[in-house]
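Novice: Quick one: the structure is below, and I'll ask about it shortly.
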Amino acid sequence: VQLQASGGGEVQPGESLRLSCAASRSIFRVVRMGWYRRAPGNERELVAVTTSDGPIYADSVKGRFTISRDNTKNTVYLQMNSLKPEDTAVYYCKAQWSRFGQSYWGQGTQVTVSS
């Protein structure tokens, strides 16, 4: 399984970006898929994931980021609005097709928020 992440870039504070994560297999039955990030000097942290029980967001992005999925395109999106400098990180996509099964990671995409 391959996950192709895209959509990163450099923006100013307050601007928006949309990340995409395209899977090489159907995500219709994916149990958990979404985004993590790692800022310089920090551990990798959950940003937002879509699960069979609904979406989960980090407190730091609630109200600003929205995760969505298009099963017809096998793609999960992360709409990031009102970006802040502290959102600067490498963003990684992760997917699992079973609760205790293997996790798959995509390559990272850099998001830089700077004035």
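The values are calculated or read from the model by the stated rules, or taken from the named source; none is laboratory data. Here the structure is a predicted model, which means the values were calculated and not measured. Reconstructed Cβ throughout: ideal geometry from the backbone, glycine too, with neighbour counts over all protein chains shown. Just the protein is used for accessible areas: all its heavy atoms, side chains included, with ligands, DNA and RNA removed. Shrake-Rupley method; radii C 1.70, N 1.55, O 1.52, S 1.80 Å.
Novice: Over the chain, what is the relative contact order in whole percent, taking alpha-carbon pairs under 8 Å and six or more residues apart?
Specialist: Values: 288 pairs, mean separation 42.4, N = 115.
The value is 37 percent.
Novice: Where only protein heavy atoms count, and the probe is 1.4 Å, what is the accessible area per residue for the chain in Å²? Please list the in-between numbers first.
Specialist: Working: 6230 Å² over 115 residues.
Ligands and nucleic acids excluded, the figure is 54 Å² per residue.
Novice: Sorting check: for 109-115, 96-102, 2-8, which peptide has the highest mean count of neighbouring beta carbons within 10 Å, and how do the rest follow?
Specialist: On the way: 109-115: 15.3, 96-102: 11.4, 2-8: 16.9.
Per-residue mean Cβ counts within 10 Å order the peptides as 2-8, 109-115, 96-102.
Novice: Compute the separation of the alpha-carbon centres of segment 18-35 and segment 40-74 and state it in Å as a whole number.
Specialist: Measuring centre to centre over Cα atoms gives 11 Å.
Novice: Assuming 0.36 nm per residue, please report the length gained on full extension of the stretch Arg25 to Ala39 beyond their Cα-Cα distance. Don't skip to the end; give the middle numbers.
Specialist: Working: separation 14, 0.36 × 14 = 5.04 nm, distance 2.89 nm.
Value of the extension gain: 2.1 nm.
Novice: In whole percent, and with a 1.4 Å probe on the protein chains, what portion of the accessible area of the chain is carbon and sulfur?
Specialist: Details: 2730 of 6230 Å².
Within the chain, the accessible surface is 44 percent carbon and sulfur.
Novice: On a 1.4 Å probe surface of the protein chains, which of Tyr91, Tyr77 comes out largest in accessible area, and what is the full order? Intermediate results must be reported in sequence, preceding the final value.
Specialist: Numbers: Tyr91 0, Tyr77 35 Å².
Descending order: Tyr77, Tyr91.
Novice: Sticking with this structure for a sec: Relative contact order, percent, of segment 13-79 when contacts are C-alpha pairs under 8 Å separated by at least 6 residues?
Specialist: Working: 101 pairs, mean separation 25.9, N = 67.
Contact order relative to length: 39 percent.
Novice: Oh, and also: Given labels modelled 7 Å from the Cα in the Cβ direction, how far is it in nm from Ser82 to Phe100?
Specialist: Roughly 4.1 nm, to one decimal.
Novice: Cut-off 19 Å, label point 7 angstrom out along Cα-to-Cβ of Ser6: give me the residues of segment 84-109 whose amide nitrogen falls inside.
Specialist: 91-95, 105-109
Novice: Quick check on the chain: take the gyration tensor over C-alpha atoms, sort the square-rooted eigenvalues as a ≥ b ≥ c, and tell me if it's rounded (a/c under 1.5), prolate or oblate. Write down the numbers at each step before the final one.
Specialist: Values: a/c = 1.75, a/b = 1.72, b/c = 1.02.
Cα axes put the chain in the prolate bin.
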